[in-house]
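Engineer: Before I ask anything, here is the structure I am working with.
Quick note: the coordinates plus some simple rules give every number you see, no bench work behind them. Small disclaimer: the values here were computed from a predicted structure and weren't measured. For neighbour counting, all protein chains shown are included, and Cβ atoms are generated from backbone atoms with ideal geometry for every residue, glycine included.
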Amino acid sequence: MPKFEFERGKMVPVPSHSIVPERDVDSAPVLEALHLGIDFGGLKAVDDFNLTIGKTEIAGLIGPNGAGKTTVFNLLTKVYAPTRGTILLNGNDTSGKTVSQVNRMGIARTFQNIRLFNTMTVEENVKVGLHNTKAYSTLSGILRAPSYWRREAEAHDRALELLSIFDMQDLANHQAGSLPYGAQRRLEIVRALATNPSLLLLDEPAAGMNPSETAELMENIVKIRDTFNIAIMLIEHDMNLVMNICEGICVLNFGKVIAKGTAEEIQNNETVIEAYLGKQKEA
Amino acid sequence: MPNFLKNKKTRRDFVTYGLVVLAFVAVSLMQANHMIPRMIVGQLVPICAYIVMAISLNLVVGVAGDLSLGHAGFMSVGAYTGIVAATSLAEAVPNDAVRLVIALLAGAASAALAGFLVGIPVLRLSGDYLAIVTLAFGEIIKEIVTCLIVGVDERGLHVLFNLTGKLTVDDLGLAEGGAAIIKGAQGASGTETISTFFAGFLLVMVALVIVLNLVRSRAGRAILAVRDNRIAAESVGISTTKYRMIAFVVSAALAGAAGALFGNGFSQLSATKFDFNTSILILVFVVLGGLGNMRGSIVAATVLTILPEALRQFSDYRMLVYAIVLILVMICSNNPTIKGFVARVLPRRRSNEEEVSADA
């Protein structure tokens, strides 16, 4: 059944903007962005951004520098309030929600410039991610009530389990700020996963990684999707990574979507090639 | 070793508790043998109150990372509530110890309420702006308390708000046998001194347990996370305002209890005692002892409260010497050469120092 929405009081069909893989067609999409846009002063940083992400899809968001990719992430996670448009997360409207509320609704993210809790240990960083899944009241914490001991033990086990995805359980007691760059990126992913999301947003996960680390990361992203059965959307400049693991790719330029499709379609798209390499002068 | 002591930080906390108990026993023994100068004996209760103040301010400044310059305001709310509670219950509750506990709880509750109300506007800000606004609220609280005239008689409490400055105790219309408790700018006088060193020690222990347990719990991790990186904390579902508020209110409540202990330890207490200077003094304890370091706060509060008394022999030059000592300690504790020397002499210290901010 085609979707409908209100536009100037009339019911009109939503434009087709789905790049959802075959297996997810029957499940409800995890994310639907409809006519999303934000203005900074007179500049339309993102305009008319439409996207549907399937339940277990790995989607890519690419585009030249300054295209507005991170702005899209900031819109989806409510760091910025959208000027226009709607975001539906598992069918629920996220308008008026705060960053932390949207996280509790199911979006977790990592950051382009790593944002860890540097003075805390690796394990504590993950435990902060488990804040809402292993919850007990502040008072039981102060009084060390039975729920404190139970939940803390659960959080400890779960943190180590999550760290083992990236073989990081041995680093549990290291200070997060002292980890090497690649490990910090991986820790950010683990911390995001700890919040039990249905959609994971990765902002340049392979930045600063060497080719072998990137290859390992690619395997791990697919492994995370398969283990947790979640959707993943990533911004990445490493085209090898994007073309290999992303099922649907969305190309952004000057805040507008210029192409959507599979890796093959994107690679052969004239507009995309022009956006990246410029136009060839007619002879 | 019991299971829960295997955690390094839990072990560290228990060492802190142990050191405080040891210090209390040592001081009590010395006091029993008259080995402590009379001047210092009179300072024992205030020292405990200042230690609690330093611990509580450290929760806001060191752990939550919000620079608050109005902490004495919460102390005064607690002090005057505590004095009113203790004095008005003098007949209903004859036992001094029970009355003191009630006074401390009343002081803590009223200061927590004040902390919550002040926190609503203040915690929308951060950094320098927050510091200035807390400073302003500290002054406002002081001015409000200066306007209060409170008395008690057999019909209950009488409260006047002396905005014009023309009202006096007589305007309370106290029945015969009633007594004024707070007389506006003169403050409280004729308070029965029911605070004891033992009560002060217990309050220090309670404050330590509350703050350290809080820091090591889910809420404490959230508070530390908000301090380390607010955006990241929000992105993992932590409501930053809520956890900054928890730190602020718990801190205000402890300051209120400290105030009640302090207030019930003096027969005379004027409202101007809790001014900006007192807020800064407590901030000095926290900074000197180390941000997030509760042991440091305790030592700094003790030493800096005794120091002015111990320097009385310098008479006129007392505050000059005090200031110079303060400057020297600040310089020395931040000097890389001296830090390096200490690290070499005590190799274990270095690993502690590295994680000091998370490791209160």
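Engineer: Quick one: among B:F314, B:F116, B:F24, which has the greatest mean-square fluctuation in a GNM of chain B with alpha-carbon springs under 10 angstrom?
Structural biologist: Of B:F314, B:F116, B:F24, the most mobile in the Gaussian network model is B:F314.
Engineer: If you plug each phi of segment B:147-156 into the Karplus form 6.51 cos²θ - 1.76 cosθ + 1.60 with θ = phi - 60°, what whole-Hz ³J(HN,Hα) values come out, in order, with x for Gly and Pro?
Structural biologist: 8, 7, 10, 10, x, 9, 9, 5, 8, x
Engineer: Can I ask one more? Quick one: Karplus J couplings for segment A:246-255, per residue in order, coefficients 6.51, -1.76, 1.60, θ = phi - 60°, nearest Hz, x for Gly and Pro?
Structural biologist: Per residue, the Karplus-derived 3J(HN,Hα) values read 7, 7, x, 10, 10, 10, 10, 8, 6, x Hz.
Engineer: Can you bin the protein assembly as shown into rounded, prolate or oblate? Criterion: square roots of the alpha carbon gyration tensor eigenvalues sorted a ≥ b ≥ c, rounded for a/c under 1.5, prolate for a/b above b/c, oblate for the rest. Spell out each step's value before the answer.
Structural biologist: On the way: a/c = 2.65, a/b = 1.98, b/c = 1.34.
It is prolate, given that a/c is not under 1.5 and a/b is the larger ratio.
Engineer: Roughly how many nanometres apart are two label points built 7 Å out from the Cα toward the Cβ at B:S267 and B:Q31?
Structural biologist: In this crude label model, B:S267 to B:Q31 measures out at 1.9 nm.
Engineer: Then there is this: Between B:A179 and B:I324, 0.36 nm times their residue separation minus their Cα-Cα distance comes to what? Walk me through the numbers on the way to the answer.
Structural biologist: Values: separation 145, 0.36 × 145 = 52.20 nm, distance 4.50 nm.
Answer, rounded to one decimal: 47.7 nm.
Engineer: Which value, in debye to the nearest 20, gives the size of the charge dipole of chain B about its Cα centre, when Lys and Arg are +1 and Asp and Glu are -1 at the Cβ?
Structural biologist: On the way: 28 positive and 22 negative charges, 335 e Å.
Dipole of chain B, to the nearest 20 debye: 1600 debye.
Engineer: A:N269's amide H: which non-local residues (gap 5+, or another chain) put their own amide H closer than 5 Å, with H modeled 1.01 Å from N in plane and none for Pro or chain starts?
Structural biologist: So A:N269 has HN proximity to no qualifying residue.
Engineer: Now for a different question. I need the semi-axes of the equivalent ellipsoid of segment A:116-196: take the C-alpha gyration tensor, multiply each eigenvalue by 5, square-root it, list largest first in whole angstrom.
Structural biologist: On the way: eigenvalues 109, 30, 22 Å².
Largest first, segment A:116-196 gives 23, 12, 10 Å.
Engineer: Step through the table entries A:K55/A:K97; A:K55/A:K256; A:K223/A:K256; A:K69/A:K260; A:K78/B:K242, compare each Cα-Cα distance with 20 Å, and write down the pairs that go over it.
Structural biologist: Among A:K55/A:K97; A:K55/A:K256; A:K223/A:K256; A:K69/A:K260; A:K78/B:K242, the Cα-Cα distance tops 20 Å for A:K55/A:K97; A:K55/A:K256; A:K223/A:K256.
Engineer: As a footprinting exposure proxy, order A:C246, B:C147, B:C332, B:C48 by other Cβ within 10 Å, with the fewest listed first.
Structural biologist: Values: A:C246 24, B:C147 16, B:C332 12, B:C48 30.
Ascending Cβ contact count within 10 Å gives the list B:C332, B:C147, A:C246, B:C48.
Engineer: Identify all lysines with a Cα-Cα distance to B:K183 below 22 Å; exclude those on the same chain that are fewer than 8 residues away in sequence.
Structural biologist: Within the straight-line limit of under 22 Å, B:K183 reaches these lysines: B:K142, B:K166, B:K273.
Engineer: Assuming R0 = 25 Å, can you tell me the calculated FRET efficiency for the pair A:E264 and A:K223, based on Cβ-Cβ distance, to the nearest 0.05?
Structural biologist: On the way: r = 24 Å, r/R0 = 0.96.
After rounding to 0.05, the efficiency reads 0.55.
Engineer: Would you mind ranking B:M30, B:M75 by Cβ crowding within 10 Å, fewest neighbours first? Before the final figure, lay out the partial values.
Structural biologist: Numbers: B:M30 13, B:M75 36.
Starting with the residue having the fewest Cβ neighbours, the order is B:M30, B:M75.
Engineer: Sticking with this structure for a sec: Of A:L217, A:L88, how do they rank once you tally other Cβ atoms within 10 Å and put the fewest first? List each step's numbers first, then the result.
Structural biologist: Numbers: A:L217 23, A:L88 18.
With the sparsest Cβ surroundings first, the list reads A:L88, A:L217.
Engineer: Mind computing the radius of gyration and Dmax over the alpha-carbon atoms of segment B:58-183? Å is fine for both.
Structural biologist: When restricted to Cα atoms, segment B:58-183 yields Rg and Dmax of 16.9, 52 Å.
Engineer: Measure nothing fancy, just the Cα-based angle from helix B:197-215's long axis to the longest principal axis of chain B, in degrees from 0 to 90, nearest 10.
Structural biologist: So the inclination is approximately 50 degrees.
Engineer: Now a separate question. Give the whole-number value, in cubic angstrom per residue, of the convex hull volume spanned by the C-alpha atoms of chain B.
Structural biologist: 175 Å³
Engineer: Taking beta carbons within 10 Å but only from partner chains, what does the mean come to for residues A:121-127? Don't skip to the end; give the middle numbers.
Structural biologist: On the way: counts 4, 0, 0, 6, 5, 1, 4.
Counting Cβ atoms of other protein chains within 10 Å of each residue's Cβ and averaging gives 3.
Engineer: Mind giving me the FRET efficiency for A:V25 and B:K9? R0 is 35 Å, r the Cβ-Cβ distance, nearest 0.05 is fine.
Structural biologist: The value I calculate is 0.10.
Engineer: Can you give the extra length, in nm with one decimal, that the chain gains between B:K242 and B:V303 once fully stretched, where that is 0.36 nm per residue apart less the Cα-Cα distance? Please list the in-between numbers first.
Structural biologist: Values: separation 61, 0.36 × 61 = 21.96 nm, distance 3.48 nm.
In short, 18.5 nm is gained.
Engineer: Sticking with this one: With a point put 7 Å past each Cα toward its Cβ, work out how far A:S95 is from A:D167 in nm, to one decimal.
Structural biologist: In this crude spin-label approximation the distance works out to 4.9 nm.
Engineer: Now a separate question. Go ahead and collect, in residue order, the members of segment A:23-40 whose backbone nitrogen is under 12 Å from a label point 7 Å along the Cα-Cβ direction of A:T83.
Structural biologist: Residues A:37-40 fall inside that zone.
Engineer: Now for a different question. Between B:A32, B:N293, B:Y322, whose Cα lies farthest towards the positive end of the dipole of chain B when Lys and Arg beta carbons carry +1 and Asp and Glu beta carbons carry -1, centred on the Cα centre?
Structural biologist: B:N293
Engineer: Hey, rough spin-label estimate for B:I132 and A:D39, points 7 angstrom out along Cα→Cβ, what's it come to in nanometres?
Structural biologist: 3.2 nm
Engineer: For A:L252, list long-range residues whose amide hydrogen, built 1.01 Å from N in the peptide plane, is under 5 Å from its own amide hydrogen.
Structural biologist: Those qualifying (amide H under 5 Å, at least 5 residues apart or on another chain) are A:I62, A:G63, A:I258.
Engineer: Follow-up question, since we're still on this one. Mind checking which of A:S178, A:A159, A:V128 is farthest towards the positive end of segment A:116-196's charge dipole, using Cβ charges of +1 (Lys, Arg) and -1 (Asp, Glu) about the Cα centre?
Structural biologist: In segment A:116-196, that residue is A:V128.
Engineer: Span-like helices, chain A: DSSP H, alpha-carbon axial extent 24 Å or more, mean Kyte-Doolittle -0.5 or greater, which ones?
Structural biologist: Correct list, ordered by number: A:211-228.
Engineer: Rounded to the nearest 20 debye, what is the charge dipole size of the protein assembly as shown about its Cα centre when +1 sits on each Lys and Arg Cβ and -1 on each Asp and Glu Cβ? Intermediate values should be presented prior to the final figure.
Structural biologist: On the way: 56 positive and 56 negative charges, 261 e Å.
Here the protein assembly as shown has a charge dipole of around 1260 debye.
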